[in-house]
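Colleague: What follows is a single structure, and I will ask about it in a moment.
The values are calculated or read from the model by the stated rules, or taken from the named source; none is laboratory data. What you are looking at is a predicted structure, and each value in this text was computed from that prediction instead of being measured. A quick note on method: Cβ atoms are made from the backbone with ideal geometry, for glycine too, and the neighbour counts reach across all protein chains shown.
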Amino acid sequence: MQDEDFHNRIRANAASVEALLADLLSDISRPGEIARPPRLMAAIRHGVLNGGKRLRPSLVLESAALFGAPKETALRVAAALECIHCYSLIHDDLPAMDDDDTRRGQPTVHKAFDEAAAILAGDSLLTIAFEIAAAPETTADGSIRASLVLALAQAAGIGGMAGGQALDLEAETRQLSEAEIITLQAMKTGALIRFACEAGAIATGASEADRLRMRRFGEVVGLAFQLRDDLLDLTSDAATLGKATGKDAARGKGTLPSLHGIAWTQARLGELIEEAKTLLAPYGEKAAMLRALAIYVAEREK
Ligand code: GRG
């Protein structure tokens, strides 16, 4: 696939999900709601409609396209997942967690508004994600909606992202073993990415074999995402020699690139790209975009 086609498609994916998110997160109340507080909605939009890469939505849309899911289903699942991702970033930026002032080049939600607004914006995004997935507009098939909601809950919850964040906070007080680091990362960042890749198979009621194949593909992409993220951090910390904060240094000790070095990490990323290609091989050219996304995740510069 040509670079230009890939980037155009990523941009189109992002634009279509952002248009739906803007609609779903507008000030206008939906049926079943009593009212939408304008300041809460403004805080929510500040945390969502602010220029993320929309990687997870693109993975959902492309896995859905591979299995022939209706576009509306794919877009709504992508939007639901991005709401959960944005909630996690808003809460992660709070003083009780990572204590960050900027995100995606703008003030974090608690800086632009206040801490209570950021907590409530995150809570609301987590909740609306399930409302979006569970609504009949997602698909008329109730059992597929239930499967999507279940998988989304498992990815976001105790055994997924929230549990991974808890382990990550523990890592600030003690050195984790390599096995613990791998588990933490599979949960904290891997679980949502795995869901994104599996979503197309779930949304179309694909065979168990297809679902498991896409689940493994998602694990591989999640691992590559984290390794690349940690490698970018390691090389930018080295470039800013000694400018890393104590918190950055504590986190840096808990990554695979910091344990094994840059050459090992690059070799591992190469292996993961190969595994991703092997997993997608049965789908042939139909999986070209997912293949390109796996490579992009492993090689991206930001
Ligand atoms: C608060 C329950 C809870 C969980 C937070 C994912 C997470 C758990 C925190 C994010 C911390 C962080 C910056 C981790 C590094 C990897 C990561 C998830 C980066 C952000 O994802 P991108 O690069 O971001 O896809 P954009 O802005 O493009 O959406």
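Colleague: Out of the residues in the stretch 19-60 meeting the condition of being assigned to a helix (DSSP H, G or I) and touching a strand residue (DSSP E or B) at 6+ places or on another chain (Cβ under 9 Å), tell me which one is nearest to the ligand (Cβ to nearest atom). So that I can check it myself, show each step before the final result.
Modeller: Of all residues in the stretch 19-60, those assigned to a helix (DSSP H, G or I) come to 19-24, 38-48, 55-60.
Within this subset, residues satisfying the condition of being touching a strand residue (DSSP E or B) at 6+ places or on another chain (Cβ under 9 Å) are 46-47.
On the way: His46: 13, Gly47: 10 Å.
So, considering only residues that are assigned to a helix (DSSP H, G or I) and touching a strand residue (DSSP E or B) at 6+ places or on another chain (Cβ under 9 Å), the one nearest to the ligand (Cβ to nearest atom) is Gly47.
Colleague: Given the conditions (1) free of Cβ contacts under 8 Å to residues at least 60 places away in the same chain; (2) out of contact with any Leu (no Cβ under 7 Å at 6 or more places or on another chain); (3) of a type in the set (A, V, I, L, M), report the number of the one that Leu167 does not fulfil.
Modeller: The number of the failed condition is (2).
Colleague: If you don't mind, there's one more thing I want to ask. Could we say that Lys188 is more than 16 Å from Ala298 (Cβ to Cβ), part of a helix (DSSP H, G or I) and modelled with pLDDT under 95 here? Walk me through it before giving the result.
Modeller: On the way: more than 16 Å from Ala298 (Cβ to Cβ): yes; part of a helix (DSSP H, G or I): yes; modelled with pLDDT under 95: no.
No.
Colleague: Taking into account only those residues within the stretch 139-177 that are part of a loop (DSSP other than H, G, I, E, B) and modelled with pLDDT of 95 or more, which is nearest to Ala196 (Cα to Cα)? Show your work before the answer.
Modeller: Step one: of the stretch 139-177, the residues part of a loop (DSSP other than H, G, I, E, B) are 139-141, 157-160, 171-177.
Narrowing further to those that are modelled with pLDDT of 95 or more: 139-141, 157-160.
Working: Thr139: 17, Ala140: 20, Asp141: 19, Gly157: 15, Ile158: 18, Gly159: 16, Gly160: 13 Å.
For the stretch 139-177, the residue satisfying everything is Gly160.
Colleague: Taking the stretch 80-109, which residues are farther than 10 Å from Gly47 by Cα and more than 10 Å from the ligand (Cβ to nearest atom)?
Modeller: Selection gives Ala80, Leu81, Pro95, Asp99, Asp101, Thr102.
Colleague: Let me ask something else. Can you confirm whether Asp123 is acidic (Asp, Glu), within 16 Å of the ligand (Cβ to nearest atom), within 28 Å of Leu61 (Cβ to Cβ) and in contact with a helix residue (DSSP H, G or I) (Cβ under 8 Å, 6 or more places away or on another chain)?
Modeller: Working: acidic (Asp, Glu): yes; within 16 Å of the ligand (Cβ to nearest atom): yes; within 28 Å of Leu61 (Cβ to Cβ): yes; in contact with a helix residue (DSSP H, G or I) (Cβ under 8 Å, 6 or more places away or on another chain): yes.
Yes.
Colleague: Hey, another quick one. Of the residues Ala267, Ala276, which is modelled with pLDDT of 95 or more and within 30 Å of Ala65 (Cβ to Cβ)? Break it down into steps so the answer makes sense when it comes.
Modeller: Values: Ala267 fails: within 30 Å of Ala65 (Cβ to Cβ).
After applying the criteria, what remains is Ala276.
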